[in-house]
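Below: one structure, written as structure tokens.
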Amino acid sequence: MVKTFEEINERIKKGEAVVVTAEEIIDLVKEKGIKRVAQEVDVVTTATFSPMCSTGAVINFGHSDPPIKMSKVWLNDVPAYAGLAAVDVYIGASELSETLGLRYGGAHVIEDLIAGRPVKLKAIGYPTDCYPRGELETYITKDRLNQAYLFNPRNSYQNYPAAVNSSERTIYTYMGTLLPRFANATYCSAGQLSPLLNDPYYRTIGIGSRIFLGGGVGYIAWEGTQHNPTRERTEKGLPVSGAATLALIGDLKGMSTDFLRAASFHRYGTTMFVGVGVPIPILDEKMVEFTGVSDADIYTTISDYGVPLRDKPALGRVTYKELRSGEITLRGKRVPTAPISSYAKAREIAALLKSWISEGKFLLQEPIESLSQDRTVESLEILREEEV
């Protein structure tokens, strides 16, 4: 039996669609089998809520009187990039405050805007005949902005290695604090709920897909930076490390601090927890196989962050079931584990997206273009001038 996006959307409009979360379908497959589930289920909702440093916002302030061509901009003392136009900027989540340093950054500015709090805008320009003002200071809120939209160049890694530290000292990373001599392990994935692990070959997820983003509606704008789908995979087709990524876009004004939160990692810097939910249509039995995977089926690589290399040494593989148990065994040693993503929040997002679809409030969008399956990621070469 084969379904189409159009047929599933018609069932959604009529209130007849059967929607389950990526957790719920696991037990359904065990109980009813793949063939019957493919006939009965229309949509599976997936989700993740994780720190995603490659997040930011495009903002248009509107013109002052007299107008200014902004060349340097600060929002709550966090630098924003102003090389877009006269009053457009991009602020990145990991940009740091010039006064508060690691405690406050672009992610906090974005959260402040979503929450409706006033944000101080300071701008410097170079006067021209059409933009005579040289400086400006004021306060903005999201309601006073013309446009404010989230644009995230790299979100929702398909998988991500677990992190450990073999060195003799504690290290502070985007994977959290890693204790010396393999004293802890951290990981960052929703595993069986995670979007791209439920559609490993991107049959239904692609450019143009409508998604849940930060509490509102968003879209997949492009493949994400560092998209690397050629990573090694298991027999089930699941990558054992990063692989695919997504570039996401959505209206910041429609988002919520329940699903988009700033964070500061000790001695590392700022990042943003981003809630992403992706609906997967059950087009055929193959999609049931893909969405029916559990944490016991999904492996990730254990990487040693105690070694200062771009490609961290791999120390083996472990399933998400083992990671979620609270400890793993590494080189004969029992190592406690902890997530830096929130499975509970991912579960909440998957359930909320399920309700939106079941109530006819959210239709699926068939991708206008598929994600690349053959791209590879190159490393940065350090070249001398005479080598160029």
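Read-outs: derived from the displayed coordinates by stated rules, not from any lab. Note that the structure is a prediction, hence the values are computed from the model and not measured. With ideal geometry, Cβ positions are generated from the backbone for all residues, glycine too; neighbour counts draw on all protein chains shown.
Starting from the Cα coordinates of the range 179-257, work out the convex hull volume and express it per residue in Å³.
So the per-residue hull volume is 147 Å³.
Just flag the GluC sites (Glu not before Pro) in the range 1-84 sitting in loop per DSSP whose Cβ has no more than 14 other Cβ atoms within 10 Å.
On the way: sites: E6, E7, E10, E16, E23, E24, E31, E40; in loops: E16, E23.
Answer in residue order: E16.
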Charged-residue dipole, Cβ positions (Lys, Arg, Asp, Glu), the chain about Cα centre, Debye nearest 20 = 960 debye
ask   = Where does the range 89-200 land on Rg/Rh, using Cα atoms and the Kirkwood Rh?
value = 1.12
key: Loop sites in the range 134-227: chymotrypsin sites (Phe, Trp or Tyr not before Pro), DSSP, at most 10 other Cβ within 10 Å   = none
query = Out of the range 211-299, which GluC sites (Glu not before Pro) are coil in DSSP terms and have no more than 13 other C-beta atoms within 10 Å?
reply = E232, E235
remark   = Of the candidates S54, M1, S97, the farthest towards the positive dipole end of the chain (Lys/Arg Cβ +1, Asp/Glu Cβ -1, centred on the Cα centre) is S97
ask   = Given Cα pairs under 8 Å that are at least 6 residues apart, what percent is the relative contact order of the range 232-336?
value = 18 percent
inquiry  = Run the helix sum for the chain: -39,500 (n - 2.57) per DSSP H stretch of 4+ residues, divided by residue count, reported at 222 nm to the nearest 500 deg cm²/dmol.
reply    = -4500 deg cm²/dmol
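Let me have the relative contact order for the range 62-145, percent, based on Cα pairs under 8 Å that are six or more residues apart.
32 percent
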remark   = One can check that the equivalent ellipsoid of the range 62-145, built from the alpha-carbon gyration tensor with semi-axes equal to the square roots of five times its eigenvalues, has lengths in Å, largest first, of 23, 14, 10
ask   = Looking at A22, G216, V307, which one has the Cα that reaches farthest to the positive end of the dipole of the chain (charges on Cβ: Lys, Arg +1; Asp, Glu -1)?
value = V307
task = Would you mind calculating the gained length between A344 and S166 on full extension (0.36 nm times residue separation, minus the Cα-Cα distance), in nm to one decimal?
result = 61.1 nm
Normalised contact order of the chain, rounded percent, pairs of Cα under 8 Å and 6 or more residues apart = 24 percent
request  = Report the far tail of the P(r) of the chain, meaning the percent of Cα-Cα pairs longer than 31 Å.
outcome  = 42 percent
key: Along the chain, longest interval not containing exposed trypsin sites (Lys or Arg not before Pro), exposed being DSSP loop plus at most 15 other Cβ atoms within 10 Å   = 15-168
